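Every number in this text was worked out from the coordinates using simple rules, so none of it is lab data. The shown structure was predicted, so the numbers you read here are calculated from the model rather than taken from an experiment. Positions of Cβ are generated from backbone atoms using ideal geometry, with glycine treated the same way; all protein chains shown enter the neighbour counts.
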């Protein structure tokens, strides 16, 4: 697949603080690429460097095969950006805001009108075109922010934490919208510190910590990197010490504990151990009730790789 | 020209109302000022009559003729009897000049022409001087006719009155300085209005455009930052010129023909130059001051500068210390330029040089503000 963004050994320092420490990324055309990391891990700095909003100390950024510089206007023309904070003018209406930002890329009035109307339809702001931003709710504002970034139909769209402080319904709408944009051909870079969102929509993910990529791949590849596997909980009426010891001999079972009527079983590596557990319970005439399976999350990946959670 | 168009949309919604408000207030004040001035000044020339009281104790033929002439050519004042009445009339400013004709005055005068009536005049009064001259002229002329020996008493009286009735026609050919003075005071006051209008227009609009996150979108776009900056600056310049034009039009609307002369032209040039100073100042404020502080800063600069610079109080009333401090206030140079323009009666390079010097100082202020603004922009960019 064609590489859309190539970042090599990117270093950005703020005095003593190293915000990006030899960052390397390759983003292919048609991907939804997730940049996942806790606050302060360097996601927004990386985005700002990509957009040439920030000067960096070392490294190279190529977008669409050309070096990205502040004057690379032919590259900028193909990029859309949705910033973390709502980046619109309070004095303009919804329509005027989208029209203005689209006008920075598309000069033909007729074409622009069509694109603006399409963007309004896309984010569902048709009933609010004459509203000023201050009259919009948080969710609607986020939609306006997205419309301003995508109206000119860019090939590469960067979303920098677009769901911060957004209610669950609006968040789902935004995520669905991003998937739609991707299905229409846009390559997406999505930064977030919400691992669930990244897991939900991204085809490939890079986990950032202290300005470094600590892991990169699909979500399955990332989960395979850690020792922790599936965790299965089974409510039982009773189990003997003997049966519990026997359970540990099932292939893939790393550990089993019984407490308060529940057996907690830790599996090694990939998922798929639940069938074996049920079979074991039936064979040993162990009566059971509710069975729950918990797969490892990206937070577990982060925890294992860094020794801390996203929220730390 | 997306950013240029954006500028006007934002200006319309963030500062236009305030600019109109300032223009309206300024217009009202200037209109009241002009009306007040026009009612207290006359465009033509009208002779003033002195208030004279004549007390004729002689009742001779000559004294009657003399008293009659004085009464016909003055505002006669009735006077009570006694010395106290004379003192009261002068003390209470009821009469400018009092003539007491003593008994036998007519006979004495016709004998040798040297006799004079007793007179009292209001101290430091021009009209008293005119009254004295009128009486003296009558007596001297009458004496001349009598002494010539060719005229009877009646003929002499008729000739004297005919001679003194001759009047000189007066017409005003030069520009009425007091008119331009009133215009000048209004133009001084323009400094306050234009400072407020330009600072509010430019600073508020710029701050809205330069708002952090929206600005980031501009920077991420395929239009260069310098191009957007230039379009915004062009917007600033156009809005400032509109403010300047509106102010000049308002002054013209109020003063009309008084403005259409060489003084009006030079005042307009001075206003235009001062607008550039305000533009530079606003550009700096727009880059330094947060949005919620713009109104306060605008008031401090406009009011403080106007008082210090002599826009509200004539510079002639300012102390030397204040004037020395005021040299750092552009309004001081704006008002000084107006003063210099007003003092010119013949316009040439030599007479204009003091005014041109003041305008040059204002241009230096404008350049200083622009340079400081550019430094502020560079500092902000480096910092971010």
Among B:293, B:95, B:15: highest mean-square fluctuation, GNM of chain B, C-alpha pairs under 10 Å: B:95
Pairwise centroid distance, computed over Cα atoms, of the stretch A:101-152 with the stretch B:326-384, Å: 45 Å
GNM result for chain A, Cα springs below 10 Å: residue of A:228, A:60, A:110 fluctuating most strongly: A:110
Taking A:193, A:152, A:22 and counting other C-beta atoms within 10 Å, the order from fewest to most: A:22, A:193, A:152
Helix B:330-343 axis, angle to chain B major axis (alpha carbon atoms, nearest 10°): 30 degrees
Inter-centroid distance (Cα atoms) of the stretch B:55-87 relative to the stretch A:1-63, Å: 108 Å
In degrees, nearest ten, helix B:349-383 long axis to first principal axis of chain B (Cα): 20 degrees
Peptide A:62-75, shielding by other chains (average Cβ, 10 Å cutoff): 1
Candidates B:370, B:283, B:347: whichever shows maximal mean-square fluctuation once chain B is modelled as a Gaussian network with Cα springs under 10 Å: B:347
Full-extension gain in nm, residue B:371 to residue B:257, via 0.36 nm per residue minus C-alpha separation: 37.1 nm
Residues A:131, B:62, sorted so that the one with the fewest Cβ neighbours within 10 Å comes first: A:131, B:62
Sorted by Cβ density within 10 Å, fewest first, the residues B:266, B:333: B:266, B:333
Inter-chain Cβ neighbour average for residues A:82-89, partner chain, 10 Å: 5
Test item: B:288-295 mean partner chain Cβ contacts at 10 Å: 0
Between helix A:138-150 and chain A: long-axis angle, C-alpha atoms, 0 to 90°, nearest 10: 60 degrees
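With n ≥ 4 as the cut-off for DSSP H runs, can you work out [θ] at 222 nm for the protein assembly as shown, using -39500 (n - 2.57) per run divided by the number of residues, rounded to the nearest 500?
The helix-only estimate for the protein assembly as shown comes to -17500 deg cm²/dmol at 222 nm.
Roughly what % antiparallel, to the nearest 5, for the DSSP beta bridges in the protein assembly as shown?
60 percent
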For chain A: relative contact order, % (alpha-carbon pairs under 8 angstrom, 6 or more apart): 20 percent
